[in-house]
Every structure is written in C-alpha cells, then in structure tokens.
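Scroll down for the structure; my scribbles are underneath it.
The values are calculated or read from the model by the stated rules, or taken from the named source; none is laboratory data. Just so you know, these numbers come straight off a predicted model, no measurement behind them. Cβ coordinates were reconstructed from backbone atoms using ideal geometry, including for glycine residues, and neighbour counts include every protein chain displayed. Heavy atoms of the whole protein, side chains included, go into the accessibility calculation; ligands, DNA and RNA do not. Shrake-Rupley method; radii C 1.70, N 1.55, O 1.52, S 1.80 Å.
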Amino acid sequence: MTDPIDLAQRETLTQSDDLAQRDKRHIWHPFTQHQTESDPIALTHAKGAVLYDTQGNEILDLISSWWTVTHGHCHPAINQAMREQAEKMSHVMFSGFTHEPAVQLAEALTTSLGGELSRVFFSDNGSTSVEVALKVAYQYWQNKGEGKRRGFIAFDGGYHGDTFGAMAVGKGSGFFSSFDGLLTEVHLAPYAPTWIGDDEVEVREQESIDALSKLIAERGDEIAGLIIEPLFQGAGGMRFCRPSFIEKVVTTARQAGILIIFDEIAAGFGRTGKLFAHHHTEIRPDIICLSKGLTAGTLPLSVTVIATHIYDNFLGEDFSKALAHGHSFTGNPLACAIANRSLSLFEEEATLSRLQEIEHKHRQFAERLGSHEKAERVRVCGSLLAFDLAGETGDYKSEASLKLRDYYISHGLNIRPLGPVVYLMPPYCITDAQLDTAYEGLIKGLDVICN
Ligand SMILES: Cc1ncc(COP(=O)(O)O)c(C=O)c1O
C-alpha cells in the first residue's frame, strides 16, 4: 500500500503540472479511446452558452454538454434553488421517507404529461431510467400471469444508454457489439428517417410499418414492450422522423397489446420545440423515460413515469409483486428542487417562444447549408439542426469526424460530429449573435477540413 499523499506533496503536484496532464494520469473518460484521442480541455467555469478554459479561451457549448443544459450554464435562479435546498436537506434515503421537492416534481410532471401517466419512479440517469422502464414492462406481464411476454421491440439506430437492458434495446446503435453475447434478445424494426426536401418519406414509412406489422403478426404475443425515441434518434445519428411515423408505430403495436415506452431522455424538456416531443403527436405512451434536461443540466436525475393501469398491477399483499429496484440517490432532494425550478423557468422566461425563434433561425441557415457541397440530408427540429457529411460513412469516431471536432474546438466551438453526422443542439439561452458565430464557424470548418 502506498502512503496517502500529504498536503505539501499535493500542492507541488497541483502547481507543477497542468490539469490535463494530471487528468491523463488517472482518469478513464467515457466513450474515449485514450490511445488516440487528444488531451481533454481543462475548464474553469461556464456561463450561459459559454465554457471557459484554463487559458481564458471561450468555447460556445453548441451541444449543450451532452444535451443536458437547457436554460444555460450556471443560471442564477437554478443556482439559488440549489443553495436554498442545500440549506434544508441535501439527501435522504427514499424508501420510507418523502419530501417536498420530490412530491412537487412528481405533481408537476404528471400534470404536464397528462393522460394516464400518473406514477413517477426516480433514478439517477438516462440509462437507469430505461432500465426501470424495461423492468416495469417485463414484470407487468409476469404479475398479470402472462409470462410468455418477455421480449422487446426497438429500432435500428436507436440508443437508450449503456447499462445491460439499455444496451440490449440500443444494439441498433452499433455501439455494443463487444457485449453481444450478454444481451437479451431484442427485435429490431426499421426506423423511417426524414430530412428537408425528402420526397420519399411516405414510402420509407410504409416499408417500416409493414416490417413492424409482420414482426408483430409473428411474435406479438411474446412482446412485453416497444421502445422508441420520439421525433429524433440521438446518438444513433441524429435521425429525425415525422410525428405521423410515431403515431403509426404506436397504433400498430397497441393492436397486439404491447406496452409503449417513449425514451425522451434527449428529446424532452424543449429540445423539439415542445416541452415533450410526443406532444407533437396525438399519442401518449404507457411509460416515458426522462433525464438530461430534467435538471437543466446541473445534477444527475431521471424519472420513469408510468401509467396508472401498470402501477396497479404491482399492488398485492406481499412483496413478490412489488418492483425490486432502487438506487442510493433515488429522488435526491437537491436534484428535485432544481428540476422544479427549471420547470418554472420555462414559464417565466417564455422558453418555448425562444425555441421557436431558434428553430426559425436554424431553418434559414438550413437553406444556406443545403447548397453546400459537403452537406446532405439537412434537417431541423426545434433547437436541433443536423446534416450528413456528403460522401462520408464510417463509425462514431471516424477520421473526418475527429478532424472536424478538433477544428471546431480549436476555433471556440464545441461541435462534436457523430461519425458522418454534424449537428448543433445549443442551450436555449443562446443569443442570435452566438448562433450566427456558430453557423459561420460550422461552414468554415467544412470548407477547411472537408475539401
Ligand atoms: C435517447 C437516450 N436514451 C438514453 C440515454 C442514456 O442516458 P445517460 O447517458 O444519462 O445514461 C441517452 C444518452 O445520450 C439518450 O440520448
């Protein structure tokens, strides 16, 4: 065993080395090939849409720090809510206890979601929220005595997180082939992506629905649930679909009694221009997963919101029908207080109106982008703008995407292509001037790197 580091030693280390070097010595970063990737950028603080590094450089956070930040970094009202709650109670176990921030949040979410979605199960991140949804759907059928329904339907290109259940339904994203042998069987249905000027979307949707109908005709009575990301698939390539596609998928699956799970972990809380993406449709799910923007991008928290008729099936005289699931930080009061404050900011700051303006600006830029020789299949949805790099295929960290990412970051823009897909997903506080800077820089990167 080595001696614990003493204070003087720690001081010397801190002064003699820069942060990135110290990081490199001990930290294993997410989704990173440490042998080939450049050093991480050391940051000191963040404000609004801007990150500040240790050299004093400004970086526009154009992907909202993995799609979490909504109202902006270090929003004063959010910070105040966090401070106030910290003075009262930072954490308490959530079995046998409850508290105002969690109850208030559950009331607000179920009211906004409406319909049958009446029960909120708290966890800590998107993946666990999906894990809970899958377990609830599976056990629902077990509790009902229909144990044959054990399978799930998911979509090609879908991504739902990195825990085992989430990887199984997200295998269509292509990220998890190393774990194939450990993943439960999931049936993949074809997705129907679309973009501006796409005149074949109806054919593509019909083909997808035909394939889904065939799958359901053959295996429908073995399926517990279907999981889909409404309006856009995120990590699987920023693929957008029409609201009508989601409606057709759900109608088809419901005919076989399959439970519908919407994964709005990326799409919820305004990203698509409405508070929830499925509010662009007439459809309501049986279960919905929410995280990321839930706490405006400040603390880890997620919810799985569940319909009354499902919850009722977990009631009984003994524990055997109950959901055996929970995490140490379930329902954390700090995170819940922040989520409550974030929801009220949507009203106070008229955030959804600002989102309309951002979408309008994106659409104007999309016209210019559409005539760029390196941009194909340009698409816009709410605060999101995406396109494919013409002539590029390749995986998540293809050479072109890494070169572009390095170009953008060295020019003060946090834009991280997903393989051949380039996208912007800014925080909602971004100004018009900052958006213009982003658009100009984005085009310049294409001109310099892709020619
Ligand atoms: C649609 C979707 N589902 C689930 C997840 C997993 O969330 P987390 O990274 O918080 O586990 C993500 C993360 O990007 C996501 O985009």
Check: Is at least one residue of the range 339-348 open to solvent by less than 40 Å² (accessible area, probe 1.4 Å), more than 29 Å from Ile260 (Cα to Cα), away from the ligand (no atom under 16 Å from the Cβ) and in contact with a His (Cβ under 7 Å, 6 or more places away or on another chain)?
Finding: yes
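Looking only at residues in the range 293-312 that are more than 15 Å from the ligand (Cβ to nearest atom) and more than 17 Å from Asp263 (Cβ to Cβ), which one is least open to solvent (accessible area, probe 1.4 Å)? Outline the logic, then answer.
So in the range 293-312, the residues more than 15 Å from the ligand (Cβ to nearest atom) come out as 306-312.
Subsequent filtering for residues that are more than 17 Å from Asp263 (Cβ to Cβ) retains 308-309, 311-312.
Numbers: Thr308: 47, His309: 68, Tyr311: 77, Asp312: 80 Å².
Per the stated criteria, the residue is Thr308.
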Next item on the list: Tell me, yes or no, whether the range 85-101 has at least one residue that is part of a helix (DSSP H, G or I), open to solvent by 30 Å² or more (accessible area, probe 1.4 Å) and within 16 Å of the ligand (Cβ to nearest atom).
Entry: no
Checklist line | Scan of the range 195-240 for residues that are surrounded by 20 or more Cβ atoms within 10 Å (Cβ to Cβ) and either on the phi > 0 side of the Ramachandran plot or of a type in the set (S, T, N, Q) (or both), ordered by number | finding: Ser208, Leu231, Gln233, Gly237, Met238
Check: Has the range 362-369 got any residue that is surrounded by fewer than 19 Cβ atoms within 10 Å (Cβ to Cβ) and touching a residue at least 12 places away in the same chain (Cβ under 8 Å)?
Finding: yes
Note to self: For the range 128-144, check the following and say yes or no: at least one residue is within 16 Å of the ligand (Cβ to nearest atom) and not in a helix (DSSP H, G or I).
What the structure shows: no
Margin query: Can you tell me which residue is surrounded by the most Cβ atoms within 10 Å (Cβ to Cβ) among those in the range 111-158 that are among the hydroxyl-bearing types (Ser, Thr, Tyr) and closer than 26 Å to Phe240 by Cα?
Written below: Ser129
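Here's the yes/no breakdown for (1) closer than 27 Å to Tyr423 by Cβ; (2) more than 27 Å from the chain's Cα centre (by Cα):
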| position | (1), (2) |
| --- | --- |
| Trp195 | yes, no |
| Asp199 | yes, yes |
| Arg204 | yes, no |
| Ser208 | yes, no |
| Ser213 | no, yes |
| Gly220 | no, yes |
| Gly225 | no, no |
